[in-house]
C-alpha cells in the first residue's frame, strides 16, 4: 500500500509544533498514523482533508488524561477510503498537549477546546441524571429520550453512555462518567 509521510515539528506541510502524520490506504479504509513529537502527552488533535473539492473528512481525537505518549506513534483506522486516496489533502490541523500547550490553526484549536467544553457539560448532565435514576431501566429510557432530542454536538456522547449502560451496570457507567468528568475538569488549558 502507498504511504504518504508528513513530518511533525516543522517538517514539510506540517506547521511547527504539530504531531507527525502518515496516511496509509488500506482495503477497508484508511489508517492515520499519528506520531507525538512533543515532550508532553498528546491529548487531543484534529486531522482534516483540506483543499479537496466536493468532499470533506475530519477525524477528532481527545483522550484524557493519557493521550499519546511522547515519541509514540499510534494508528487510527477509519472506514473512509477517501483520505487514503488523496493523502496530500489530509493535514494535521490542531493539537492539545497535557501541559496545556497547543499547536496548529488557532480556529481549529478553538474547535477542539469547544468540543471539550461540550463534553464536560454533557458529562456533568449525565452524571446528574444517572445519579437520580431509580434503576437501570428508567435510566436507559431517560437517556434514549435525551439522545433523541439532543443537539448533534452532544448526541454521540449520550449514545456512547447509553451503550455502556445497556451493556453494563448503572454503577459502573456512573463511575466511568465521574472519572471522565474529573479528567475534563483537570484538563489543560482550563475550560
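One table, with the values for the structure above:
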| read-out | value |
| --- | --- |
| Percent of beta bridges antiparallel (DSSP, the chain, rounded to nearest 5) | 100 percent |
| Theoretical ellipticity at 222 nm over the chain - DSSP helices of four or more residues, -39500 (n - 2.57) apiece, nearest 500 | -13500 deg cm²/dmol |
| Stretch gain in nm, segment residue 136-residue 52, where the contour uses 0.36 nm per residue and the Cα spacing is subtracted | 25.6 nm |
| Set of region 56-90 residues, backbone N closer than 12 Å to the point 7 Å along the Cα-Cβ line of residue 147 | none |
| Cα extents of region 111-186 along the three principal axes, largest first (Å) | 35, 26, 19 |
| Percent RCO, i.e. relative contact order, over the chain, from Cα pairs under 8 Å lying at least 6 residues apart | 19 percent |
| Relative contact order (percent, whole number), region 111-186, Cα cutoff 8 Å, 6+ residue spacing | 43 percent |
| Segment residue 27-residue 85, extension gain: residue separation times 0.36 nm, minus the distance between their alpha carbons | 19.8 nm |
| Burial order of peptide ranges 141-148, 43-50, 170-177, 90-97 (average beta-carbon count within 10 Å, highest first) | 90-97, 43-50, 170-177, 141-148 |
| Estimated translational D of the chain in µm²/s (Stokes, Kirkwood radius over Cα pairs; 4 °C; 1.567 mPa s) | 73 µm²/s |
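Each reported figure results from applying straightforward, stated rules to the coordinates on display, with no laboratory input. The model shown is predicted, which means the values in this text are computed figures rather than measured ones. Neighbour counts are summed over all protein chains in view; Cβ atoms, including those assigned to glycine, are modelled from backbone coordinates with ideal geometry.
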